[in-house]
Each structure stands twice: as C-alpha cells, then as structure tokens.
1. For the subset of the stretch 115-153 comprising residues that are of a type in the set (S, T, N, Q) and assigned to a helix (DSSP H, G or I), which member is modelled with the lowest pLDDT?
2. Taking the stretch 61-82 as the region of interest, how many residues are of a type outside the set (Val, Ile, Thr), within 17 Å of Leu41 (Cβ to Cβ) and out of contact with any helix residue (DSSP H, G or I) (no Cβ under 9 Å at 6 or more places or on another chain)?
3. When you look at Ile57, is it within 12 Å of the chain's Cα centre (by Cα) and in a helix (DSSP H, G or I), yes or no?
4. Return the pairs, sorted by first residue and then second, in which the second residue is assigned to a loop (DSSP other than H, G, I, E, B), the first residue lies in the stretch 106-120 and is surrounded by fewer than 18 Cβ atoms within 10 Å (Cβ to Cβ), the beta carbons are less than 8 Å apart, and the residues are 6+ apart or on different chains.
5. Please find, among Val23, Val61, the residue that is out of contact with any strand residue (DSSP E or B) (no Cβ under 9 Å at 6 or more places or on another chain) and more than 17 Å from Arg146 (Cβ to Cβ).
6. Those residues that are among the charged types (D, E, K, R), in a strand (DSSP E or B) and surrounded by 13 or more Cβ atoms within 10 Å (Cβ to Cβ), I need them from the stretch 4-28; list them, please.
7. Out of Thr37, Thr65, report the one residue that is under 28 Å from Ile88 (Cα atoms), surrounded by 11 or more Cβ atoms within 10 Å (Cβ to Cβ) and at pLDDT below 85.
8. Just checking, does the stretch 79-96 include any residue being closer than 21 Å to Gly26 by Cβ, outside any strand (DSSP E or B) and free of Cβ contacts under 8 Å to residues at least 40 places away in the same chain?
Amino acid sequence: MDRSQSDSTEAVIKQFPNTTYLVEGGEVRSAGNLILTDRRLLFLKQVNLSQKQVQEIQELVKESTTGKIIQYSLKLHKKNFQLPLSSIVSAKMGLLSIIPLRPCLRVQYLSASKKIRILTFVFTLPLLKRLMLSEFPTLSWMQTIRKAIKAERKKGTPGH
C-alpha cells in the first residue's frame, strides 16, 4: 500500500461521516474514516489527538491543500493507509453476515508484490436510517469507487 502520494490539485470525492470498520478474517480490526479522492482511497484510523495536533490540523486547513492535509493525516497512525486508484482492481458489495444482514464493501487491489489483495469495510449507520432503509452506503461507495477508477483510467497519464 503506497504511502508517498501527494498532489496539490487532489479533491475529496466522498468520505463517510460515521465510523467505518476495517474487517480482516471476518473480525473488525479497526475503526476509522474512509475517504475517496480523485487520486486514492484512504483509511484513517480513529485517534485521540493531542492539543498540538489539533492546532496543527487547524493551521493546515486554513493554509494548505487537500493533498497536504491528507499526507499529515496519514502520519497520525502507523496503520493508516492509502491505495492509489490505479492499483484498485474492483469494488464489490459482499455480505459479512446474513443474520443479521451486514453488507460490506470489498475492494480488490494489486499489492506492490503484484498479488491481488482484498480489503473489507463495513459502514455504521444511525439506527433510524437502518430501520427506514433510507441509506445504502455500501452500494453508493461501490458505485463511486468504480466511477473514480474509470475517470482515473480515462486520464491515462503516467504517474497518477
């Protein structure tokens, strides 16, 4: 998973405002925030920020580009990661469990060693939205990632 990407023209396409869970081997491994930009997919683990870090982020938000803010955020936890869109093979919906019904997002990507790996994410929703079935984050994320991958491939410029 690439950790060295930065671009001043980077734009956030989608982020999940509630908690996203990274699942490995059928178990939740960490909670965080899933962010999709026009260059990469990122997972930022939830962390307790120090007062100094809060001030640094506030300054970055005022003065820096999205790419620099993301790079700073990636460094806040050693298990934060990013995937360039060019390494993502597919984004599909899966089921973590049938009872209770727990849909998940499965992202297949090509690792540095050229092996296909899978990341699984589960989104939390407020109870009312779950009961009313008014929001389907897994489906919308799958579609948005696919669109972003297609747009990235259309550009076809080396180095992105």
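1. At the first step, the residues of the stretch 115-153 found to be of a type in the set (S, T, N, Q) are 120, 124, 134, 138, 140, 143-144.
When the remaining residues are screened for being assigned to a helix (DSSP H, G or I), the result is 138, 140, 143-144.
Values: Thr138: 87, Ser140: 90, Gln143: 94, Thr144: 95.
Within the stretch 115-153, the match that is modelled with the lowest pLDDT is Thr138.
2. The total comes to 5.
3. Values: within 12 Å of the chain's Cα centre (by Cα): no; in a helix (DSSP H, G or I): yes.
The answer is no for Ile57.
4. Sorted first by the residue in the stretch 106-120, then by its partner, the pairs are Ser111/Met1; Ala112/Met1; Ala112/Asp2; Arg117/Ser111.
5. Numbers: Val23 fails: out of contact with any strand residue (DSSP E or B) (no Cβ under 9 Å at 6 or more places or on another chain).
Checking each option against the conditions leaves just Val61.
6. Applying the first criterion (among the charged types (D, E, K, R)) to the stretch 4-28 yields 7, 10, 14, 24, 27.
Checking which are in a strand (DSSP E or B) leaves us with 14, 24, 27.
The one that is among the charged types (D, E, K, R), in a strand (DSSP E or B) and surrounded by 13 or more Cβ atoms within 10 Å (Cβ to Cβ): Lys14.
7. Only one candidate passes the filter, namely Thr65.
8. Quick first cut of the stretch 79-96, residues closer than 21 Å to Gly26 by Cβ only: 79, 81, 90-96.
Applying the additional criterion that residues be outside any strand (DSSP E or B) yields 79.
With the extra rule that they be free of Cβ contacts under 8 Å to residues at least 40 places away in the same chain, the set shrinks to none.
Within the stretch 79-96, not a single residue is closer than 21 Å to Gly26 by Cβ, outside any strand (DSSP E or B) and free of Cβ contacts under 8 Å to residues at least 40 places away in the same chain.
The values are calculated or read from the model by the stated rules, or taken from the named source; none is laboratory data. All of these numbers come straight from a predicted model, not from anything done at the bench. Glycine also receives a Cβ, built like all others from the backbone with ideal geometry; neighbour counts cover every protein chain displayed.
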